[in-house]
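Participant: Please see the structure below; I have some questions.
Read-outs: derived from the displayed coordinates by stated rules, not from any lab. From a predicted model like this one, the values you see are computed outputs, not experimental measurements. FYI the Cβ positions are ideal-geometry reconstructions off the backbone, even for glycines, and counts take in every protein chain you see.
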Amino acid sequence: MNKILWLLLLWTTTAVAAPVLVNEYRLLPNFTPMMQCDNCRSFTVQNGVLQAKGTGHLWTKDMAYDVSDGTSKVVVEASVQLHHAEIKGVTVGAVLSIGFSENMKAWHPTDKMQDALTFNITCDENAQEHTIVRTQMYRKPVGRSRYILPANQWEKIKIVLSAKELVAYGSDNVELIKVNLSDVEFPKKGYVGILTSGFSRAPFDIKELKISKE
């Protein structure tokens, strides 16, 4: 009887632990604001400068915007530097992508669950797209312009997002693109991200990232 009671006690004390689902995102050290990455090898930080290269998704640790009331705006500002790279004898330019997402789903060519609204700009004048805003991360274009950023030099970027429009500005307050979002479905609250798809294989740098309300 004592043996049975001992086995029962052992079973009840060891069976209480439940499986734990580990988050696919991990905190990126040494960068402000606090951000989390899936493929962290694509993001390196040195002296406060973040370099992105390869394929990966970097999102704010906490929800960073909410424009669901129809009047609020979120402002994303940063200094950015886009680079060229030689790929099989061809010069290609980096593509900077800033995303706004609620579900933070990673890009996949067959999985269409990504909800991110993205602002994308390159330094490559020969690219098929120069400045473009898309929904579902990279799938559906909702606005285009022919602005590019100069390569290999620091430039200011400012993105102002509301429920009705996205406006992006470059250095000297030049309007890069303005997109009417009144009839566009996108997440009205969520996380702000720095995305790199690896399509161009050229790196870009970001520093002084600031997210605020307007």
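Participant: Based on Cβ point charges of +1 for Lys and Arg and -1 for Asp and Glu, what charge dipole magnitude is obtained for the stretch 24-213 about its Cα centre, in debye rounded to the nearest 20? Display every interim value, and only then the final one.
Facilitator: Values: 23 positive and 21 negative charges, 31 e Å.
Computed about the Cα centre, the dipole is about 140 debye.
Participant: Let me ask you something else. Of the DSSP beta bridges with both residues in the chain, give the percent that are antiparallel, rounding to the nearest 5.
Facilitator: DSSP beta bridges in the chain are roughly 100 percent antiparallel.
Participant: Which angle from 0 to 90°, rounded to the nearest 10, does the C-alpha axis of helix 2-14 make with the longest principal axis of the chain?
Facilitator: Helix 2-14 and the main axis of the chain meet at about 10 degrees.
Participant: With respect to the cross-link table entries Lys53/Lys156; Lys53/Lys105; Lys112/Lys213; Lys112/Lys156; Lys53/Lys73; Lys178/Lys207, which display a Cα-Cα separation exceeding 22 Å?
Facilitator: Beyond 22 Å between Cα atoms: Lys112/Lys213; Lys112/Lys156; Lys53/Lys73; Lys178/Lys207.
Participant: Around Tyr147, under 14 Å between beta carbons, what's the net of Lys plus Arg minus Asp minus Glu among the other residues?
Facilitator: Neighbourhood net charge equals -1.
Participant: Ranked by Cβ crowding within 10 angstrom, fewest neighbours first, how are Asp111, Asp124, Asp66, Asp38 ordered?
Facilitator: Lowest count first: Asp111, Asp66, Asp38, Asp124.
Participant: So if I take the centroid of the Cα atoms in the stretch 133-169 and the same for the stretch 35-79, what is the distance between those two points in Å?
Facilitator: So the two Cα centres are separated by 15 Å.
Participant: Something else now. Please check the chain for the longest run free of trypsin sites (Lys or Arg not before Pro) that are loop-located per DSSP (anything but H, G, I, E, B) and have at most 12 other Cβ atoms within 10 Å.
Facilitator: 1-87
Participant: Each label point is 7 Å from the Cα along the Cα-to-Cβ direction; what then is the distance between the points at Ser68 and Arg41, in nm?
Facilitator: 3.8
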